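*Asks:* Input: one structure, supplied below.
Here, each number is a calculation from the coordinates, and none is a lab measurement. Source: prediction; values computed, not measured. All Cβ positions, even for glycine, are placed from backbone atoms using ideal geometry, and neighbour counts span all protein chains on display.
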Amino acid sequence: MSAEPIAAGTTAAPRRPRAVSLERAAVAALTVLWVVGVLLPILSLIVISVLQGRGLSFIWTVSFQPYADIFVDYRIETVLRTLRIVAVVTAIEFVLAFPFALWLAKGLREGWTKSILLVFLVVPFFLSPAARTIVWRPILGREGLINTALMSSGITDAPVDWLLFSEFAIHIGLIGPYFPSMVWPIFISVSLIDDELIKASRDLGATAAQTLRHVVLPLAMPGIAAGVIFTAIPMLGDNIASTLLGGGQVSLIAEGFDDLIRAMNFPAAAALGSTLLGVFILTAVLIGLALRRRGGGPDIFAGMKQ
Amino acid sequence: MSGGARRNPAGIFTGTTAALAVLLGAIALVLLYAPIAGLALLSFSARPLSGIPWPMTLEWYFALFEGENARWVGPLITSVAIGLLVSLLATTAAVIIGRMLPLIRRRGGLLVAYLSVLVMPGILVGIAVLFFYRGLLGIRTGFWSVVLVHFIWALPFALLCILIVSVRFDHRLLEAARDLGADRYRQFVDIELPLLKPGITASVFFSFLLSFNELPRTLYTRGGITTLPYYIWTASAAHSSQVSLIYALSAIIMAASFVLILIATRILMRSN
């Protein structure tokens, strides 16, 4: 089933104008509500970030003090630390996810194994992130499982300190939950590549590595880009791993929000939010431009139809 | 066709590279599922904070229902109420939008508008709603604002559930029904609805679960209300003696969520 039914629907539209226009009006109304009620508040952070705050109300005078507030030493340090951790974890996710997604899409036949693996990659989206993060504490803690095992087997004499409430713990806590966000887009984009294309490349004498480099990789690019965005951007605002596993030793941007809001410095919190929003929009635009230069990625609808 | 075609349809993988890919995926899946399994095991442990599951006991599960410890019941009711409302709202909106979207020619912009919030950090959405509605408009936050942020979180997923079935919907069926004299309402109920049903069911389950387990968006918009994830969050972040109970409570919620997810994915997969 290709674009045919859609084409049939649109050409038929003039024949039943009233019903269709009513439904279109409903979509339009919802979209207006969505833009005004959801997207506008998010974008309004940029406006709020240059206002002065008095409690939770804002005074309409432009001030760049909020930005000065978030770029003081220790906060900029938090921002940079967050960027570094997110970059490292995203890179790790890519290394773990790309071969696996490729294998899921092109190395594994349809069947029970594949279905079960895919379900395993869906489930975590809907489970409480905090509940599955607190368990790292008794596993990694000073008197936890790993230290007990290490000490009773005589590998170490004293408990290893850096396992919990450290950057190490945050990395460990982030890798699991964000793995599916990296796998899914790559899996979908690789699944869309026609097997015949890969076979043709192999039959023409290209090695597996050459096929990967010149056939699969370029076609998987939109999925890789989407995977990076879906992984890195939400991770920038993650407050769960850093709060539960950083233990106040390692604070990330999310705790920055907490501090600023507790200090009632709302414009500065908005400034921090705008910075995140800026990173998000910039990444999206850059990746959009890069993909357009390559001739555009597959339509999201194409991905769902197969 | 090369000999490798036996094992892998497209011939990119050899035995070794396939094993490497599986190994890398397995590392991530272990990091993902070890805490989930660990939670389930430790909830039966007499000393859950030691990380060692034995000796086993049901003590914490019983303790959950005793006097003071049963304070999670109120938040549970709040979370279920919000979850049901969000599920209803998000699924309804997703059906209205999702069944029309494949017919709209310039749908790229609409998709971006609805799906972009999926990527935004949750905490950012929560703060934006707090500042805009509470700060700029002066409306008190509370039940409604939690419903709103959960709706923002659930709608993109709900929409994807509907789109998975609606893009494959053949609109000539509706024309045939109309030619046979069915009015618009009958066309929807008798033809479209049964075909969209797997997507709608999945959307109902997933939207509920997304709302029920949501934390970062709730943190700043909850006003005075306490949802179950917020209750668990404060209890577990506080290093309190409640933590052992939290394991048991979280294990129950996680098991229930797991069952709902399996039902929903089964329904959605069967439609494909």
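*Asks:* Per residue of segment A:252-268, in order, report the coupling 6.51 cos²θ - 1.76 cosθ + 1.60 (Karplus, θ = phi - 60°) as ³J(HN,Hα) in whole Hz, putting x for Gly and Pro.
*Replies:* Calculated HN-Hα couplings, in order: 10, 3, 4, 5, x, 4, 4, 4, 5, 6, 5, 7, 6, 8, 5, x, 5 Hz.
*Asks:* Running a GNM on chain B with Cα contacts under 10 Å, which residue among B:189, B:125, B:204 ends up with the highest mean-square fluctuation?
*Replies:* It is B:189.
*Asks:* Let me ask something additional. In the protein assembly as shown, with Lys and Arg counted as +1 and Asp and Glu as -1 at Cβ, which of these residues, B:60, B:49, A:46, has the Cα nearest the positive end of the dipole, that is, farthest along it?
*Replies:* Projecting each Cα onto the dipole axis, the largest value belongs to A:46.
*Asks:* Just B:256, B:26, B:154 to compare: in a GNM of chain B, with alpha carbon springs under 10 Å, which one fluctuates most?
*Replies:* B:26
*Asks:* Could you work out how far apart the two model spin labels at residue A:263 and residue A:195 are, taking each label as a point 7 Å from the Cα in the direction of the beta carbon, and quote it in nm?
*Replies:* 6.0 nm
*Asks:* Give me the dipole magnitude in Debye, nearest 20, for chain A about the Cα centre, with unit charges on the beta carbon: positive for Lys and Arg, negative for Asp and Glu.
*Replies:* Values: 22 positive and 20 negative charges, 206 e Å.
Rounded to the nearest 20 debye, it is 980 debye.
*Asks:* A further question on this structure: Step through the residues of segment A:198-203 one at a time and calculate ³J(HN,Hα) from phi using the Karplus curve (6.51 cos²θ - 1.76 cosθ + 1.60, θ = phi - 60°), rounding each to whole Hz and writing x for Gly and Pro.
*Replies:* Result, ordered by residue: 5, 4, 4, 4, 5, 5 Hz.
*Asks:* Something else: For segment A:27-170, rounded, prolate or oblate, judged on the Cα gyration tensor with a ≥ b ≥ c (square roots of eigenvalues), a/c < 1.5 rounded, else prolate if a/b > b/c? Present the calculation step by step, with values, prior to reporting the outcome.
*Replies:* On the way: a/c = 2.62, a/b = 1.33, b/c = 1.96.
Since a/c reaches 1.5 but b/c is at least a/b, the shape of segment A:27-170 is classed as oblate.
*Asks:* Dipole size in debye (nearest 20) for segment A:55-175 around its Cα centre, Lys and Arg Cβ +1, Asp and Glu Cβ -1? If you can, show how the numbers build up before the last one.
*Replies:* On the way: 9 positive and 9 negative charges, 102 e Å.
Result for segment A:55-175 is approximately 500 debye, rounded to the nearest 20.
*Asks:* Label points 7 Å out from Cα along the Cβ direction at residue A:204 and residue B:64: separation in nm?
*Replies:* Taking the simple label geometry, residue A:204 and residue B:64 are separated by 6.0 nm.
*Asks:* Could you list the trypsin sites (Lys or Arg not before Pro) in segment B:89-135 that lie in coil according to DSSP, counting only those with at most 10 other Cβ atoms within 10 Å of their Cβ?
*Replies:* Details: sites: B:99, B:105, B:106, B:107, B:134; in loops: B:105, B:106, B:107.
For trypsin sites (Lys or Arg not before Pro) across segment B:89-135 that sit outside H, G, I, E and B with at most 10 neighbouring Cβ atoms in 10 Å, the list reads B:105, B:106.
*Asks:* Over segment B:15-57, what is the mean sequence separation of C-alpha contacts under 8 Å (at least six apart), divided by residue count, expressed as relative contact order in percent? Kindly include the intermediate steps, with their values, before the conclusion.
*Replies:* On the way: 24 pairs, mean separation 9.4, N = 43.
Over segment B:15-57, the number comes to 22 percent.
*Asks:* Calculate, for residue A:284 and residue A:162, the FRET efficiency according to 1/(1 + (r/R0)^6) with r their C-beta to C-beta distance and R0 41 Å; round to the nearest 0.05. Working shown, then result.
*Replies:* Working: r = 36 Å, r/R0 = 0.87.
It comes to 0.70.
*Asks:* Something else now. Considering only A:221, A:239, A:180, whose Cα is most displaced toward the positive end of the charge dipole of segment A:66-305, charges sitting on Cβ of Lys, Arg (+1) and Asp, Glu (-1)?
*Replies:* The Cα lying farthest towards the positive end belongs to A:221.
*Asks:* Between rounded, prolate and oblate, where does segment A:234-288 land on the alpha carbon gyration tensor, with a ≥ b ≥ c its root eigenvalues, rounded for a/c under 1.5, else prolate if a/b exceeds b/c? Display every interim value, and only then the final one.
*Replies:* Details: a/c = 3.92, a/b = 1.40, b/c = 2.79.
Oblate is the answer for segment A:234-288, as a/c is 1.5 or above yet b/c matches or exceeds a/b.
*Asks:* For residue B:96 and residue B:54, what does the FRET efficiency come to when R0 = 56 Å and r is the distance between their Cβ atoms, rounded to the nearest 0.05?
*Replies:* Details: r = 53 Å, r/R0 = 0.95.
Once rounded, the FRET efficiency stands at 0.60.
*Asks:* A further question follows. Which of the GluC sites (Glu not before Pro) found in segment A:46-152 are loop residues per DSSP with 10 or fewer other Cβ atoms within 10 Å of their Cβ? Kindly include the intermediate steps, with their values, before the conclusion.
*Replies:* Values: sites: A:77, A:93, A:110, A:143; in loops: A:110, A:143.
Filter output for segment A:46-152: A:110.
*Asks:* Roughly how many whole Å is it from the C-alpha centroid of segment B:122-139 to that of segment B:193-272?
*Replies:* One Cα centre to the other: 23 Å.
*Asks:* Then there is this: Give me a comma-separated list of calculated 3J(HN,Hα) values for segment B:20-35, in order, Karplus coefficients 6.51, -1.76, 1.60 applied at θ = phi - 60°, integers in Hz, x for any Gly or Pro.
*Replies:* 5, 4, 5, 4, 4, x, 5, 4, 5, 5, 5, 4, 7, 9, 4, x
*Asks:* For chain A, which longest stretch is free of loop sites, where a loop site is one of the trypsin sites (Lys or Arg not before Pro) that DSSP puts outside H, G, I, E and B and that has at most 14 other Cβ atoms within 10 Å?
*Replies:* Working: sites that count: A:109, A:142, A:294.
Formally, the longest exposed-site-free interval is A:143-293.
*Asks:* While we're looking at this one, here's another question. Among A:285, A:22, B:40, flag the residue with its Cα farthest along the positive direction of the charge dipole of the protein assembly as shown, charges on Cβ as +1 for Lys/Arg and -1 for Asp/Glu.
*Replies:* The residue sitting most towards the positive pole is A:22.
*Asks:* A follow-up question, please. Check residue A:53: other-chain or 5+ apart residues with amide H under 5 Å from its amide H, H built from backbone geometry?
*Replies:* Those lying under 5 Å, H to H, from residue A:53 are A:59.
*Asks:* Using Cα pairs under 8 angstrom and six or more residues apart, how large is the relative contact order of chain A, in percent? Write out the running numbers ahead of the final one.
*Replies:* Numbers: 276 pairs, mean separation 79.3, N = 306.
Value for chain A: 26 percent.
*Asks:* Determine, from the Cβ-Cβ distance of residue A:71 and residue B:137 and an R0 of 25 Å, the FRET efficiency 1/(1 + (r/R0)^6), rounded to the nearest 0.05.
*Replies:* Numbers: r = 29 Å, r/R0 = 1.16.
According to the calculation, E is roughly 0.30.
*Asks:* At residue A:153 and residue B:46, where each label point lies 7 Å from the Cα along Cα→Cβ, what is the point-to-point distance in nanometres?
*Replies:* 2.5 nm
*Asks:* What order do you get for A:157-169, A:239-251 when each peptide is scored by the mean count of other beta carbon atoms within 10 Å, highest first?
*Replies:* A:239-251, A:157-169
*Asks:* Further question: Shape of chain B from its Cα gyration tensor (a ≥ b ≥ c, root eigenvalues): rounded if a/c is under 1.5, otherwise prolate when a/b > b/c, or oblate?
*Replies:* Values: a/c = 2.00, a/b = 1.24, b/c = 1.61.
Note, shape of chain B comes out oblate.
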